[in-house]
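The values are calculated or read from the model by the stated rules, or taken from the named source; none is laboratory data. Computed from a predicted model, the values in this text were never measured in an experiment. Note: ideal-geometry Cβ built from the backbone for every residue, glycine included; neighbour counts use all protein chains shown.
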Amino acid sequence: MSNYRTVAIETYSGRGTTSSEGVRARPLPGQNLDTSMNVECSSKMRKGYPVGTKFLIQAKVTCKEGGTPFLYSHYNQPYKVINAEEADTLIRGLGV
């Protein structure tokens, strides 16, 4: 998987945004990624857990035809549910 990297993300409510998605995902701070960047990933994963759930995924930064950059993770890509402490430890361990 070229250009893919391990990223810790969290879900949040998409209400009040321009998105048609009810539950969105964004990268957690401390990973040299804009925390307002959207994550395109499995809707089953996003909607299958409470808003605020943190995940560890493999993703890459991409954009469509000169649009706003976003993180992409294939919908069938494996993921891991993590807690806040695990996320902090992983982010520090990634050395970003």
By residue number, the members of segment 59-94 that are among the charged types (D, E, K, R) and modelled with pLDDT under 90 are K64, E65, R92
Apart from one, (1) surrounded by fewer than 17 Cβ atoms within 10 Å (Cβ to Cβ); (2) closer than 16 Å to Y4 by Cβ all hold for Q31; the odd one out is (1)
Taking first residues from segment 52-77 that are free of Cβ contacts under 8 Å to residues at least 40 places away in the same chain and second residues anywhere that are polar (S, T, N, Q) and assigned to a loop (DSSP other than H, G, I, E, B), the pairs with Cβ under 7 Å that are 6 or more apart or on different chains are F70/N38; Y75/S42
Looking across segment 38-49 at residues that are within 22 Å of N83 (Cβ to Cβ) and either in contact with a helix residue (DSSP H, G or I) (Cβ under 8 Å, 6 or more places away or on another chain) or touching a residue at least 24 places away in the same chain (Cβ under 8 Å) (or both), the single one that is surrounded by the fewest Cβ atoms within 10 Å (Cβ to Cβ) is K44
Based on what the data block shows, is T35 among the β-branched types (V, I, T), part of a loop (DSSP other than H, G, I, E, B) and out of contact with any Pro (no Cβ under 7 Å at 6 or more places or on another chain)?
no
F55 meets each of (1) among the hydrophobic types (A, V, I, L, M, F, W, C); (2) part of a strand (DSSP E or B); (3) surrounded by fewer than 17 Cβ atoms within 10 Å (Cβ to Cβ) with one exception, condition (3)
